[in-house]
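First up is the structure itself, then whatever we jot down about it.
The values are calculated or read from the model by the stated rules, or taken from the named source; none is laboratory data. As the structure is a prediction and not an experimental result, all values here were calculated from the model. Here the Cβ is made from the backbone with ideal geometry for all residues, glycine too, and neighbour counts use every protein chain on show.
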Amino acid sequence: MLVGLTGGIGSGKSAAADRFAELGIDVVDADLASRAVVEPGMPALQKITEHFGEQLLQANGTLDRAALRSIVFAKVEERKWLQSLLHPLISHYLQDQVAESTSPYCLLVNPLLLESGQARWCDEIVVVDVSEDVQISRTMARDDNSRSQVEAIVAAQLKRSDRLAQASRTLTNDGDLIHLYRQVDALHQELLAL
């Protein structure tokens, strides 16, 4: 069984996924896949530098993800270009990782699970939900980004109401980690029973 886990930026997807991993569940993470497909020597990194310029490379030859993020969240057409390049590569990488899973179910973590079409791979869709204000404050504190930059990222993502409408299950992350972990633990038991 494949369980998709999604939520907006700063919602706590990583904390929830970490708890599932502690419970022995294989976690396949789209953020890790998105890094893997743009490592030095990979064709996607070459295409990105050809399109945006060499200034997006750091001294060690890796992609300056923060610089790229500031470009693609400022210009919709650049974000669409990047997504058309990376989404098929990331999907292939994720499918390979899911196929290697040996736990009772596999957790696919992707902030763009619903937008990318990968939700159709999943038997269950779990949304980690918080208010937009919490998303913004958590992300600003975590990433040291300006409020306007975080608001642009939130605005570019699927609306909270649309995410919730597609969820088969919801984790509400408006409290502390213990509150989230209790919900994950209960959901884990439900998923094992399926």
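Might you let me know whether region 149-163 holds any residue that is basic (Lys, Arg), surrounded by fewer than 19 Cβ atoms within 10 Å (Cβ to Cβ) and within 20 Å of ASP29 (Cβ to Cβ)? Break it down stepwise before answering.
Step one: of region 149-163, the residues basic (Lys, Arg) are 159-160, 163.
Subset that is surrounded by fewer than 19 Cβ atoms within 10 Å (Cβ to Cβ): 159-160.
If we keep only those that are within 20 Å of ASP29 (Cβ to Cβ) as well, we get none.
No, region 149-163 contains no residue that is basic (Lys, Arg), surrounded by fewer than 19 Cβ atoms within 10 Å (Cβ to Cβ) and within 20 Å of ASP29 (Cβ to Cβ).
Return yes when THR139 is in a strand (DSSP E or B) and either of a type in the set (S, T, N, Q) or farther than 26 Å from VAL72 by Cβ (or both) and no when it is not. Full working, then the answer.
Numbers: in a strand (DSSP E or B): no; either of a type in the set (S, T, N, Q) or farther than 26 Å from VAL72 by Cβ (or both): yes.
No, not satisfied.
So which residues in region 145-175 are of a type in the set (A, V, I, L, M, F, W, C) and in contact with a strand residue (DSSP E or B) (Cβ under 9 Å, 6 or more places away or on another chain)? Break it down into steps so the answer makes sense when it comes.
Within region 145-175, the first condition is being of a type in the set (A, V, I, L, M, F, W, C), and the residues that meet it are 150, 152-156, 158, 164-165, 167, 171.
Result: LEU158, LEU164, ALA167, LEU171.
Could you list, in sequence order, the residues of region 117-132 that are touching a residue at least 60 places away in the same chain (Cβ under 8 Å) and under 30 Å from LEU194 (Cβ atoms)?
GLN118, ALA119, TRP121, CYS122, ASP123, GLU124, ILE125, VAL126, VAL127, VAL128, ASP129, VAL130
Of the residues that make up region 109-122, is at least one surrounded by fewer than 16 Cβ atoms within 10 Å (Cβ to Cβ) and over 17 Å from the mean Cα position of the chain (by Cα)?
No, there is no match, as no residue in region 109-122 is surrounded by fewer than 16 Cβ atoms within 10 Å (Cβ to Cβ) and over 17 Å from the mean Cα position of the chain (by Cα).
Could you list, in sequence order, the residues of region 78-116 that are in contact (Cβ under 8 Å) with a residue 24 or more places away in the chain and of a type in the set (Gly, Ala, Ser)?
SER91, SER101, SER103, SER116
Would you point out which residue out of GLU39, GLU54, GLU50, GLU78 is surrounded by 12 or more Cβ atoms within 10 Å (Cβ to Cβ), of a type outside the set (Lys, Arg) and more than 26 Å from GLU151 (Cα to Cα)? I'd like the intermediate steps shown before the answer.
Details: GLU54 fails: surrounded by 12 or more Cβ atoms within 10 Å (Cβ to Cβ); GLU50 fails: surrounded by 12 or more Cβ atoms within 10 Å (Cβ to Cβ); GLU78 fails: more than 26 Å from GLU151 (Cα to Cα).
None of the others qualify; the one that does is GLU39.
With ASP64, ASP29 as the choices, which residue is within 20 Å of the chain's Cα centre (by Cα), among the acidic types (Asp, Glu) and closer than 19 Å to ASN110 by Cα? Explain how you work it out, then say what you get.
Details: ASP64 fails: closer than 19 Å to ASN110 by Cα.
The conditions single out ASP29.
Taking the condition of being among the aliphatic types (A, V, I, L, M), at pLDDT 95 or above and surrounded by 13 or more Cβ atoms within 10 Å (Cβ to Cβ), how many residues in region 172-181 meet it? I'd like the intermediate steps shown before the answer.
The initial filter retains those residues of region 172-181 that are among the aliphatic types (A, V, I, L, M), namely 177-178, 180.
Those still in the list that are at pLDDT 95 or above too: 178, 180.
Add one more test, that the residue is surrounded by 13 or more Cβ atoms within 10 Å (Cβ to Cβ), and what stays is 180.
Here the count works out to 1.
Which number in (1) β-branched (Val, Ile, Thr); (2) loosely packed, with under 13 Cβ neighbours inside 10 Å; (3) not in a helix (DSSP H, G or I) marks the one condition that ILE125 misses?
The one condition ILE125 does not meet is (2).
In region 86-113, which residues are closer than 10 Å to VAL28 by Cα and among the polar types (S, T, N, Q)?
GLN95, GLN97, SER101, ASN110
Pairs please, first residue from region 55-77 and free of Cβ contacts under 8 Å to residues at least 24 places away in the same chain, second anywhere and basic (Lys, Arg), Cβ atoms under 6 Å, 6+ apart in sequence or on different chains.
VAL72/ARG79
What number of residues within region 133-148 satisfy the criterion of being touching a residue at least 60 places away in the same chain (Cβ under 8 Å) and buried (at least 17 other Cβ atoms within 10 Å of the Cβ)?
4
Output yes when any residue across region 161-171 is under 24 Å from MET140 (Cβ atoms), over 21 Å from the mean Cα position of the chain (by Cα) and modelled with pLDDT of 95 or more, and no when none is.
No - not one qualifying residue is present in region 161-171.
Among the residues that make up region 158-165, is at least one of them within 12 Å of VAL128 (Cβ to Cβ), among the hydrophobic types (A, V, I, L, M, F, W, C) and either touching a residue at least 12 places away in the same chain (Cβ under 8 Å) or in a helix (DSSP H, G or I) (or both)? Don't jump to the end; show me each part of the working.
Just the residues of region 158-165 that are within 12 Å of VAL128 (Cβ to Cβ), to begin with: 160, 163-164.
Now drop any that are not among the hydrophobic types (A, V, I, L, M, F, W, C), which leaves 164.
Retained after the next criterion (residues that are either touching a residue at least 12 places away in the same chain (Cβ under 8 Å) or in a helix (DSSP H, G or I) (or both)): 164.
Scanning region 158-165 turns up at least one residue that is within 12 Å of VAL128 (Cβ to Cβ), among the hydrophobic types (A, V, I, L, M, F, W, C) and either touching a residue at least 12 places away in the same chain (Cβ under 8 Å) or in a helix (DSSP H, G or I) (or both).
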